[in-house]
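See below for the structure under consideration.
The values are calculated or read from the model by the stated rules, or taken from the named source; none is laboratory data. Just so we're clear, the structure is a prediction, and the values are computed from it rather than from any experiment. All Cβ positions, glycine included, derive from the backbone under ideal geometry; neighbour counts span all protein chains shown.
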Amino acid sequence: MSHDEDEMVIPQLADRVISEEIAVSVSDLDVTYRTTLEKRPTLKQAIVRMGRGKRSVRTIEALKDVTFEVPRGTVLGIVGHNGAGKSTLMRTIAGIVPPTRGRVEVTGRTSTLLSLGVGFNRALTGRENIVLGGLAAGLTKEELDERYEQIADFADIGDFIDMPMRSYSSGMGARLAFSVAVHLDPDILLIDEALSTGDAVFKEKAAQRMQELVDNSSTMLLISHALRTIINMSTEVIWLDHGKLMMQGDPEEVVDAYTEFVHVKKTTAAMNDM
Amino acid sequence: MSRAAATQDRPKQVYLPHRAGLPRLTTYVATLWSRRHFAAELSSATMRAAHTNTFFGQFWLVISPALNAAVYFMLVNVIRGGSAGPDFFMHLLAGLFAFTFIQTVVTNGADSVVKGGNLVLNTAFPLLLLPFSALRTAFLRFLPTMGILLAFFVYFDYFGPHSDSCDAITGACSPLNTIHFSPVQFLAIPAFALLFVFAMGLSALMATLQVYFRDTSQLLPYATRIWLYLSPVLYYADQMQPWMLKLEVLNPLFPMLTVWTDTLIRGVMPSTAMWLGSCAWALGSLLVGTFWFISREREFAVRI
Ligand SMILES: Nc1ncnc2c1ncn2[C@@H]1O[C@H](COP(=O)(O)OP(=O)(O)O)[C@@H](O)[C@H]1O
Ligand SMILES: [Mg+2]
């Protein structure tokens with residue numbers, strides 16, 4: 001795992017105010033996906049199954065008994081292997097995926113910047129995607145008019161803004177998505193692996209904007225594979241492993257424990273191979 | 001940047017385990033209403049995107065239903081081996097345009113949630129906006145066809161052959177023409193309103209079906225074509241076989257299209273049974289479609 005690429009440094013975190021107030025409270029949370037065995041469920045398969053009298057549902061326990069609290073103003077880093085449940089946790093906090101058990105309380109408006117990006121309809125232009133994303137997220141037309149210029153300026157993709165998004169490079173799409181999420185003026189910002197895209201200049205700008213949000217006492221939840229970024233930006237880190245909360249605490253300590261764990265597992269695996 | 005500092009301004013959300021049940025309907029409807037602009041924008045943007053790359057652009061909204069009607073008219077006339085009069089032509093047009101509205105709702109509604117992909121996975125919003133947006137698109141495509149219909153209506157009313165115009169020498173009479181404006185035609189507005197409500201429920205129903213059974217959209221072209229042949233569009237209701245007429249209690253479009261063409265084209269008051277049948281289908285579709293959708297929609301994110 002490389003720690004140094006995709007890194008983003010935020011100059012000063014020491015003087016931020018972490019409030020007593022709880023922004024996100026997660027208690028005893030289980031999330032289980034229920035998917036049909038087939039990749040694409042179809043009528044034919046349903047009929048065949050009905051004939052055999054059985055339902056083939058595969059359950060995936062993405063989160064198991066997770067409990068933690070996030071005070072307002074915290075920048076919470078989330079680390080864990082692929083499939084650990086990080087994205088699922090964010091989707092639950094955003095109210096997109098329902099808990100299977102437990103309870104999630106969120107105080108404030110959330111804005112999600114999940115890795116899939118804002119450009120949901122690639123036949124439409126960047127401008128249309130911005131407007132649609134904003135309206136779906138609950139902004140009014142007036143609020144959007146107010147912010148549209150800021151968003152477009154920040155993304156800085158020139159005339160591409162009025163072209164269908166299928167003509168965008170992946171970097172352009174990511175810039176637009178980032179720009180939308182950080183201009184929605186959320187109380188709680190959820191960022192899922194979206195910082196690593198973009199060139200050096202854009203990263204610099206993104207870091208500055210994040211600092212502004214942090215200064216405004218926004219709460220932030222951050223998933224990144226760049227562990228350096230996590231250490232630099234977070235005030236607190238949680239570590240998930242196969243859906244379980246392994247550790248919560250000081251960024252350096254948790255990341256160290258996580259890297260050591262990954263390292264140990266790797267070496268034992270390597271030794272078992274021999 | 002302004003920021004609401006007071007705590008009481010921050011909405012508090014509690015997420016609990018999902019049960020296949022309805023959320024608080026008042027809250028749901030309020031959110032749905034407050035984000036209605038999303039559905040409108042989505043449908044406008046989709047319409048723009050569909051017509052920017054073609055030479056005739058937006059004119060296709062008129063050209064394609066007109067061509068469609070011409071094809072069916074020729075087809076039906078050839079099959080009947082004779083010339084049908086203005087009455088039948090107008091019946092066919094009105095029926096076909098209304099049917100096309102329903103067909104568009106069914107097809108686009110089915111795709112609405114599944115094609116919503118990233119937005120559904122990334123944003124928490126009432127998903128019913130997606131099929132309703134498809135409904136709006138279908139309605140916007142339907143409106144220009146009423147212009148075509150009106151043009152023909154005006155033409156036949158003023159210049160069309162009249163039923164008493166028989167050729168003095170051969171004795172052959174022109175086909176019957178009863179196309180005249182009448183006050184009963186205003187009842188076509190509530191008749192269409194019923195179709196619209198029916199379509200509302202249908203769009204939600206198809207969207208839900210497509211999430212659970214991905215074959216749905218593959219089957220739709222065949223299903224809708226059969227539906228067209230079983231509905232009184234390419235022929236009059238009274239030309240149906242008796243056994244077929246019996247089956248029509250199962251066809252929502254039988255009473256709805258009868259009410260529609262009776263009022264709009266023939267200017268006669270449809271029977272009470274037809275009105276009641278239409279109301280029942282409209283309401284039933286709305287309740288079943290939207291409630292099924294709403295009770296399942298939180299689960300959609302983990303299934304698409
Ligand atoms: N939509 C989905 N349907 C079924 N299973 C899913 C879905 N999304 C994620 N999963 C499963 O849930 C687990 C956690 O996934 P995820 O939260 O995406 O992990 P991470 O973001 O940490 O990589 C994985 O095993 C993944 O396969
Ligand atoms: Mg992920």
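Here are the numbers for the structure shown:
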| quantity | calculated |
| --- | --- |
| Count - residues of region A:79-93 that are more than 8 Å from ligand 1 (Cβ to nearest atom) and closer than 18 Å to A:G249 by Cβ | 1 |
| Those residues of region A:201-225 which are modelled with pLDDT of 80 or more and either under 14 Å from the mean Cα position of the chain (by Cα) or among the aliphatic types (A, V, I, L, M) (or both), in sequence order | A:V201, A:A206, A:T219, A:M220, A:L221, A:L222, A:I223, A:S224 |
| Residues of region A:20-59 that turn out to be away from ligand 1 (no atom under 12 Å from the Cβ), modelled with pLDDT under 70 and not in a helix (DSSP H, G or I), as a count | 6 |
| Listing of helices (runs of 4 or more DSSP H) fully contained in region A:88-192 that carry 3 or more residues being at the interface with chain B (Cβ under 7 Å from one of its Cβ atoms) and without any contact (Cβ under 8 Å) to a residue 40 or more places away in the chain | A:126-136 |
| Selection count, region B:38-74, where residues are among the aromatic types (F, W, Y) and exposed (fewer than 12 other Cβ atoms within 10 Å of the Cβ) | 2 |
| Any hit, region A:235-249, residues being crowded, with 20+ Cβ neighbours inside 10 Å and away from ligand 1 (no atom under 16 Å from the Cβ) | no |
| One residue from B:L245, B:L257, B:L230 being modelled with pLDDT of 90 or more and over 20 Å from B:A188 (Cα atoms) | B:L230 |
| Pairs, first more than 17 Å from A:L184 (Cβ to Cβ) in region A:210-234, second aromatic (F, W, Y), C-beta under 9 Å, six or more apart | A:L227/A:Y258 |
| Counted residues, region B:67-103 - those being within 21 Å of the chain's Cα centre (by Cα) and either over 22 Å from B:L253 (Cβ atoms) or among the charged types (D, E, K, R) (or both) | 2 |
| Residue count for region A:95-121, restricted to those that are at pLDDT below 65 and of a type in the set (S, T, N, Q) | 2 |
| Unmet requirement for B:F300, which otherwise passes all of (1) within 14 Å of another protein chain (Cβ to nearest Cβ); (2) at pLDDT 95 or above; (3) crowded, with 17+ Cβ neighbours inside 10 Å | (2) |
| Scope region A:153-180; condition under 23 Å from A:M220 (Cα atoms), away from ligand 2 (no atom under 16 Å from the Cβ) and small (G, A, S); matching residues | A:A155, A:G171, A:G173, A:S179 |
| Residue satisfying condition, being surrounded by 14 or more Cβ atoms within 10 Å (Cβ to Cβ), at pLDDT 85 or above and more than 22 Å from A:L89 (Cβ to Cβ), within set A:Y258, A:Y168 | A:Y168 |
| Tally, over region A:60-87, of residues that are away from ligand 2 (no atom under 14 Å from the Cβ), within 14 Å of another protein chain (Cβ to nearest Cβ) and assigned to a loop (DSSP other than H, G, I, E, B) | 2 |
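Residue-by-condition table, conditions (1) closer than 19 Å to B:M146 by Cα; (2) touching a residue at least 24 places away in the same chain (Cβ under 8 Å); (3) in a loop (DSSP other than H, G, I, E, B); (4) in contact with a Lys or Arg (Cβ under 8 Å, 6 or more places away or on another chain):
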position	(1), (2), (3), (4)
B:I179	yes, yes, yes, no
B:A191	yes, yes, no, no
B:A204	no, yes, no, no
B:T208	no, yes, no, yes
B:T224	no, yes, no, no
B:W227	no, yes, no, no
B:L234	yes, yes, yes, no
B:D238	no, no, no, no
B:A273	no, no, no, no
